[in-house]
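A quick write-up on the structure given underneath.
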Number of protein chains: 4
Amino acid sequence: MKKVAIVGASGYSGEELVRLLLNHPQAELAAVTSRQYAGQTLAQVFPRFANHPQAKALRFTEPNADLLAKQADIVFLALPHGVAAEYAVPLLNGGCTVIDLSADFRLRSAAIYQEFYAHEHPAPDLLAKAMYGLPEIYREEIKKSQLIASPGCYPTSILLPTIPLLKARLIKPAGIIADSLSGVSGAGRKAELDYLFCECNESVRPYGVPKHRHLSEIEEQLSFAAGTPVTIQFTPHLIPVNRGILTTLYLAPVEHFADAAGAAAFGEKVAAAYRAAYANEPFVRLLEGKALPDTKNVVGTNVCEIAWRLDPRTGRLIVMSAEDNLVKGASGQAVQSMNILCGWPETAGLI
Amino acid sequence: MKKVAIVGASGYSGEELVRLLLNHPQAELAAVTSRQYAGQTLAQVFPRFANHPQAKALRFTEPNADLLAKQADIVFLALPHGVAAEYAVPLLNGGCTVIDLSADFRLRSAAIYQEFYAHEHPAPDLLAKAMYGLPEIYREEIKKSQLIASPGCYPTSILLPTIPLLKARLIKPAGIIADSLSGVSGAGRKAELDYLFCECNESVRPYGVPKHRHLSEIEEQLSFAAGTPVTIQFTPHLIPVNRGILTTLYLAPVEHFADAAGAAAFGEKVAAAYRAAYANEPFVRLLEGKALPDTKNVVGTNVCEIAWRLDPRTGRLIVMSAEDNLVKGASGQAVQSMNILCGWPETAGLI
Amino acid sequence: MKKVAIVGASGYSGEELVRLLLNHPQAELAAVTSRQYAGQTLAQVFPRFANHPQAKALRFTEPNADLLAKQADIVFLALPHGVAAEYAVPLLNGGCTVIDLSADFRLRSAAIYQEFYAHEHPAPDLLAKAMYGLPEIYREEIKKSQLIASPGCYPTSILLPTIPLLKARLIKPAGIIADSLSGVSGAGRKAELDYLFCECNESVRPYGVPKHRHLSEIEEQLSFAAGTPVTIQFTPHLIPVNRGILTTLYLAPVEHFADAAGAAAFGEKVAAAYRAAYANEPFVRLLEGKALPDTKNVVGTNVCEIAWRLDPRTGRLIVMSAEDNLVKGASGQAVQSMNILCGWPETAGLI
Amino acid sequence: MKKVAIVGASGYSGEELVRLLLNHPQAELAAVTSRQYAGQTLAQVFPRFANHPQAKALRFTEPNADLLAKQADIVFLALPHGVAAEYAVPLLNGGCTVIDLSADFRLRSAAIYQEFYAHEHPAPDLLAKAMYGLPEIYREEIKKSQLIASPGCYPTSILLPTIPLLKARLIKPAGIIADSLSGVSGAGRKAELDYLFCECNESVRPYGVPKHRHLSEIEEQLSFAAGTPVTIQFTPHLIPVNRGILTTLYLAPVEHFADAAGAAAFGEKVAAAYRAAYANEPFVRLLEGKALPDTKNVVGTNVCEIAWRLDPRTGRLIVMSAEDNLVKGASGQAVQSMNILCGWPETAGLI
């Protein structure tokens, strides 16, 4: 058993972390912080957890890194970008393992951080020490890391389907397009007009076109996989569901196929690449037959569904993925990293 | 005033036609047919129209082409594909103008029809006589036609933003990608498990990948505009809203631009092409400034919203459109064609 | 033609007034005010109206009662309670007709206003001059009034089904229960956490139990109808739809009926009372046969649907109503009052 | 460990049973039946469970009572009413414990069954042997029973808040009103037009007024609690959420209170009755302070939330409850009964 804490536990990702950690067999939730709710119990702030024995006892506190360093072995930061570093530094110095759900430590380059997040990086020295917490790609590195930068929701939905194909040199690194549809919880628990029920319900809309912040980490990771700089097209859309991301990827095979037979031959290579990468992964589901991803099949789980089709008419490879933006896209993946670095079963508390 | 009839008025498109025609200043709704509801009044079947004076008087009848030819000057066919021809032939022979909302007369080629719809075309002779009822492109031809093939919902959302760019030779005809998101009414009023509330709510999913039937008419029309055969990538998704289609198009400019300045210069050509095509169109709205299309701004209207962005990072042109699949994507557009061929104001009954 | 203005046109009721008045055959929308959007055009703030010719020309202004009194013959106030009086006084003095959608002039008693709204009434002298704008009940009085207090959304859904039964002495004035379900637009366009998409979607909840503010006007009006003081039970609930109120009323018949035959006999009296009250009303729909109210049949219309059932098992009368909270429950009803007091057809701009 | 089976596992309740039993620490899911899906694996039919190790191995079979009696110790029947008896008789004879989720064994009286379900009871002899599986009320009886009739969803939401007050003689048995709002999964996974997405979304409607079938078991159980025959008013409504029931109860206190002080004094008795009944219940949550029930706080859990308000204006007691219709209202409650009769921790597999 290890003691864990959550800093910034009152947003949607924080709430999901609470859910997962309250029920985790090896982790004990020792502290939760929130400026807004300090003094209230978990049960008061999140009635849906109220019947959990611990929820009536544990109270939100004001965030205090020094205190947290004494209370917890592992600290999850569920804070806005730009703020996480302020806690990460003293917590790391205090001997804690830090799993950060913000964007602050996901990039290797402070310059790219500044380009995309419009302010100087608050702790550039830590960038080299942080490990990008995508377990299916960096499992071994995560085991040895004290600072995990848990990936963004869109990046997870794009990287998992794309990296195995890039590594296997089956698709061209140029010209990748990712078209993503996200539930509204992705915007966070913020009192803004744009995210009111009546503004989102019966509405479908793109946003952040053409340069969304998540591009920075997506492209950095794809470049590592391809061994060459990768620039992609990424269009996020807001969809009236609470949770879930559906991503459709348009990819260019390295081979030309003129007909269905050619497509089938190339398809065997794609299938083999995916099987090699994910057949034994507990949280990636390669769909078979006619099945296509559907967010309702992954919501509430840490699973990313993947399916693909080759189009002999266009010569293109279409890959589709579905995940829960708050679980595999945020808090579930963070817990998965914790399980790995603690040497626990990777699925602990996640099935 | 002209007398109009609707064959197959009990589906979602038929219901929307009823709404529009009940309130049309020049058209008198003289007959509505439905096998399922024959004998019932409009008010009984569609309570939302019940306070319209005509709704209590007009009763659904069994469809009978000979009778309809005597009752109406203009007949709208809101039937499944493969069935419309059976009514179109006797109605045309009887002197009626026919506006067909099915796919039956949208293609010039009976062979392509058979490839995509999996049965022989029921009346291939009529294909040459039918006019594709996209008013912004074929206004003059519609005026002279007795048989209008009203476009599909996805095709409208793709063709309106793409054709002016192809005609102006601003984008390459190859490599076009259309990623579309549709409300559930697009699936029709069918008692199938897939479209139950609990199967669609809190769900986002692709379908019909990679060869949806609408590709046939999209590609035929794009080929006409480009003057060369066009093959596109098209991915439809089902989204939990009643109405609305949001399409995101990925297009390749004919010019290369290396930076924001180059993009701005090319952007002026795009803006000019759109203004030339649509500045005076009553039902196309070119968005300005930071605005992006949102289905909630067009639902219930015959408007198609269009916005575009050039991405200097990728050199690509992103165009987004939003429409109501049942209005501009079906019944509103059909009424717009009627207005044109009758010489009425094009916006009659549509604003 | 008369010139009309809207003060506070940027909320949901204000937006609905804009929609109705832009398309009204006798009214010309001369001014719209909004502190937040002053300087912007209607087309910019409400893209869904952008294709209306006037929407590109008309700009929001800062509210200024003296100026409005010169610009408009009729002024609609779509403001929060407590603020409307500030505009009503100078507008009335300036010769305008004022139609107020807030709660400020709905009550005869300033003391009850203070009890329910927790502040002193800002213009108690005007209470006697204001007419409660429920056309089906006060049509003649509305014709003669210069200050209309347009009813609240819940009150309309409760008063229309109840008043005819009280007036006909068919139900007891004591023990009335109204259980109401409202769409989220009823909460207004306010950036509050409680009304975020993720807080309302997949949620059903009561609120304001047991003393909601609307009780004050409901009980005052029911007391007038009954000729005796009436106190009712009222429970509002928030439901994840944009628009619509469904109210279920539990009423005690004055007659006891022991079985189905007795119920049928009493039912004829109920039916007769409703027919006498509403058979000729354009905006009340008495459902027949097995039909029950459904908000989807009234959304976007000025219609209130009513159905009732006698329960021989309990001796109780159940009455159900459905309306659009923003149309018959707010802006449509206000336009209906305008039509009446201007001597225009009552349905002008509303069908 | 015991072996369990589910007959009729392809509906929404059956799917929820699968979810709970796959993750139950003491139960091993040995068989699932479905005529429609026989031969397919759980993973194929329910992709959301596909990553559970057992889901790829376990296949749906045709239902066969004799075989099931050999495969399982405990059999859950998730079948339509009228069909369950056909399986219950041979399973009981074969030595199995049967937990039936249908209405077939919930009533003591075959005559009332016939009145409400419109066909003769298929196995009236079993009615005396069956125990109504509402654990908070019948925990001791459930321990000794071989045939559990698990309560309906609406009944659970009404009985839990009402029975303690009737038993404590705090409310009058006459005049009870229950107004309930249910998510669409309550209608089952049936391909009917009424439950299509577009027919339910943006719709709120009552149905089954005034004599819904669930009245039979509600009134029987309330009569047991009151010691006198009870007839209630019950109005169900369909609400556009997947899951959840919100019930508002209008109750008459046995004491008259004239003011807030009187209400407070009586309120202490109400609070005491609820505490006595539920303070130690793991699946009933008595809300405190200003909190009111909200279905989003119970969805996915086996918890029923309860809050109440006394209205000094009307002298009435308002009680509100929220539950997940598929968990506490169906499958979770059935598992809770299994836990009790097996002597396992009552919360096993349910938190």
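The values are calculated or read from the model by the stated rules, or taken from the named source; none is laboratory data. What you see is a predicted model; the values in this text were computed from it and never measured. Please note: Cβ atoms are built from the backbone with ideal geometry, for glycine as well, and neighbour counts cover all protein chains shown. Quick note on the areas: whole protein, heavy atoms, side chains included, nothing else; ligands and nucleic acids left out. Shrake-Rupley method; radii C 1.70, N 1.55, O 1.52, S 1.80 Å.
Some notes on this structure:
- Just one residue in the set C:Ala187, C:Ala191 is in contact with an Asp or Glu (Cβ under 6 Å, 6 or more places away or on another chain) and among the aliphatic types (A, V, I, L, M); that residue is C:Ala191.
- Subset of the range D:159-184 (residues that are closer than 24 Å to D:Val299 by Cβ and out of contact with any helix residue (DSSP H, G or I) (no Cβ under 9 Å at 6 or more places or on another chain)): D:Asp179
- Restricted to the range D:104-136, and to residues there that are aliphatic (A, V, I, L, M) and open to solvent by 10 Å² or more (accessible area, probe 1.4 Å), the residue that is nearest to the chain's Cα centre (by Cα) is D:Met131.
- If the condition is being more than 8 Å from chain C (Cβ to nearest Cβ), aliphatic (A, V, I, L, M) and surrounded by 23 or more Cβ atoms within 10 Å (Cβ to Cβ), then the range D:190-213 contributes only D:Leu196.
- Figure legend. Inter-residue proximity from the range C:284-300: first residues within 15 Å of C:Gly329 (Cα to Cα), second residues open to solvent by 40 Å² or more (accessible area, probe 1.4 Å), beta-carbon distance below 6 Å, spacing 6+ or different chains. Indicated pairs: C:Asn297/B:Arg48; C:Val299/C:Arg243.
- C:His237 being within 14 Å of chain D (Cβ to nearest Cβ) and under 30 Å from D:Glu202 (Cα atoms): yes
- Evaluation of B:Thr162 against (1) of a type in the set (Val, Ile, Thr); (2) under 20 Å from B:Glu219 (Cβ atoms); (3) touching a strand residue (DSSP E or B) at 6+ places or on another chain (Cβ under 6 Å) (one fails), failing number: (3)
- Looking only at the range D:221-260, and only at residues there that are at pLDDT below 95 and among the charged types (D, E, K, R), the one that is surrounded by the fewest Cβ atoms within 10 Å (Cβ to Cβ): D:Asp259
- When B:Ala9 is tested against (1) modelled with pLDDT under 95; (2) within 13 Å of chain C (Cβ to nearest Cβ), only condition (2) is not met.
- For A:Ala187, the test of being surrounded by fewer than 24 Cβ atoms within 10 Å (Cβ to Cβ) and in contact (Cβ under 8 Å) with a residue 60 or more places away in the chain is failed.
- Residues in the range D:31-47 that are free of Cβ contacts under 8 Å to residues at least 24 places away in the same chain, open to solvent by 30 Å² or more (accessible area, probe 1.4 Å) and on the phi < 0 side of the Ramachandran plot: D:Gln40, D:Gln44, D:Pro47.
- Meets criteria (more than 25 Å from D:Leu317 (Cβ to Cβ), in a helix (DSSP H, G or I), out of contact with any strand residue (DSSP E or B) (no Cβ under 8 Å at 6 or more places or on another chain) and not aromatic (Phe, Trp, Tyr)) for C:Ser185: yes
- Within the range D:137-184, being of a type in the set (Gly, Ala, Ser) and either modelled with pLDDT under 95 or open to solvent by 10 Å² or more (accessible area, probe 1.4 Å) (or both) holds for D:Ser145, D:Ala168, D:Ala174, D:Gly175.
- Of the helices (runs of 4 or more DSSP H) contained entirely in the range B:32-143, those carrying at least 3 residues that are within 14 Å of chain C (Cβ to nearest Cβ) fall at B:42-45.
- Screening the range C:240-263 for residues that are in contact (Cβ under 8 Å) with a residue 24 or more places away in the chain and among the small types (Gly, Ala, Ser) and picking the one that is nearest to C:Asn201 (Cα to Cα) gives C:Gly244.
- Residues satisfying the stated conditions in the range C:304-325, i.e. open to solvent by 10 Å² or more (accessible area, probe 1.4 Å) and either of a type in the set (A, V, I, L, M) or within 18 Å of the chain's Cα centre (by Cα) (or both): C:Leu310
- Residue list for the range C:48-64, restricted to those being open to solvent by 10 Å² or more (accessible area, probe 1.4 Å) and in contact with a strand residue (DSSP E or B) (Cβ under 8 Å, 6 or more places away or on another chain): C:Asn51, C:Gln54, C:Lys56, C:Ala57, C:Leu58, C:Arg59, C:Thr61, C:Glu62, C:Pro63, C:Asn64
- Residue satisfying all of: in the range A:326-347; closer than 21 Å to A:Ile306 by Cα and of a type in the set (Val, Ile, Thr); surrounded by the most Cβ atoms within 10 Å (Cβ to Cβ) among these: A:Val327
- Odd one out for A:Arg19 among (1) closer than 17 Å to A:Ala330 by Cβ; (2) assigned to a strand (DSSP E or B): (2)
- Any hit, the range D:250-270, residues being assigned to a strand (DSSP E or B), at the interface with chain C (Cβ under 10 Å from one of its Cβ atoms) and on the phi < 0 side of the Ramachandran plot: yes
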